[in-house]
Structure formats: structure tokens, C-alpha cells
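Everything on this sheet refers to the single structure shown next.
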Amino acid sequence: MIEVTWKGGVTFESVGPSGNPFTMDGTPAVGGQDHGPTPVEALLGSAAACSGIDVVTVLNKKQVPFTSYRLEVTYERATEGDWPRPVTAMTVRHVLGGNIDAAAVDRAVQLSDEKYCTVIATLRIPVAVTSEWKIVE
């Protein structure tokens, strides 16, 4: 289970089974205080990090050295004013530094995209989402 707790304003703290918390906040336009990424930023960052972990793991197993690595996520959302404003497209760009075999990088990214990355795989399928509520005293 992941527990997300309101911290005031529009700030929430998320804690999952790992026990490692992180804070999400709304933008200042909706009352946020810049205490953390927005939920959409966290979602897209999670997709990139998931893929990045896979790529690093594959390259390390193949003993392919690299000197730097970052991921850039570009995305499109539904038009401002349309609610909800889902992300309609995203691109994850893997930027690696060093004298690296391009074929090894291509294969590592392909394996992440097609086999290993749970977050990206989840974004590609319809996910059944159920909302429930209860009041506690």
C-alpha cells in the first residue's frame, strides 16, 4: 500500500512500502508552495526513473561503461481549461556520456521499453481505477 497524507494547503506526502517519503505539491496557481513536484511531474519523473534504472542495470550487466546519464521527458497535455488534463503523449530521451557502444544503449533502452519498465508498461494499458471514501472520527 502507498499512503498519501495531506500536509496542509495542497501539499501531500507519499510513503510506499520502501518507507521512503516524498512530497508533492500543487503549482502556486492552485495554492501550492513549491514543496515538491506536482503529481504530474512525479508521474512522468517516475516513468523516466523506472526506465533509467533498467538501462543502468542492463549496461552494468554488459559491462558497458558510461560517465554520465540523464533522462529528459517532454510531454503534451490536453488543452488548458479541458478537465481532466491528461498527458496525451510523452517522450523519454536517454542522454549518456562517454565512449559508449550505441548498439548497447539502443538494446538497453529497448529492453526497458518492451520488457522491464513497469511504470511505462502501466501507462500503455488501460488501468482500472476505483475510488472509494470513508469518514473517520
Please report the equivalent ellipsoid semi-axes of the stretch 33-137, computed as sqrt(5 x eigenvalue) of the Cα gyration tensor, largest first, in whole Å.
32, 16, 14
So what's the angle, to the nearest 10 degrees on a 0 to 90 scale, between helix 39-61 and the longest Cα principal axis of the chain?
20
So what is the calculated 222 nm ellipticity per residue for the chain, using -39500 (n - 2.57) for each DSSP H run with n of 4 or more, over all residues, to the nearest 500 deg cm²/dmol?
-9000 deg cm²/dmol
Given a Förster distance of 30 Å, the FRET efficiency implied by the Cβ-Cβ spacing of Lys61 and Thr122, rounded to the nearest 0.05, works out to 0.80
Report, by chain and number, residues whose modeled amide H sits under 5 Å from the one on Gly36, excluding near sequence neighbours (fewer than 5 apart, same chain).
Asp25
Size of electric dipole in the chain: Cβ of Lys, Arg +1 and of Asp, Glu -1, about Cα centre, debye, nearest 20:
440
Distant-in-sequence amide H partners of Tyr69 (H built 1.01 Å from N, under 5 Å)
Gly97
Give a residue-ordered list of calculated ³J(HN,Hα) values for the stretch 62-73 (Karplus: 6.51 cos²θ - 1.76 cosθ + 1.60, θ = phi - 60°; whole Hz; x for Gly, Pro).
8, 6, 9, x, 8, 9, 7, 7, 9, 10, 10, 10
Give me the one-decimal nm value for the distance between modelled label points at Asp113 and Thr38, 7 Å along each residue's Cα-to-Cβ direction.
2.7
Expected unfolding gain across Val129-Val87 under the 0.36 nm per residue rule, minus the alpha-carbon gap, is 13.5 nm
Can you tell me the 0 to 90 degree angle between the C-alpha axis of helix 102-111 and the longest principal axis of the chain, rounded to 10?
40
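Only the coordinates and a few stated rules stand behind these numbers; no lab work does. Just so it is clear, the model here is predicted, and its values are computed rather than measured. Positions of Cβ are backbone-derived with ideal geometry, glycine not excepted, and every protein chain shown enters the neighbour counts.
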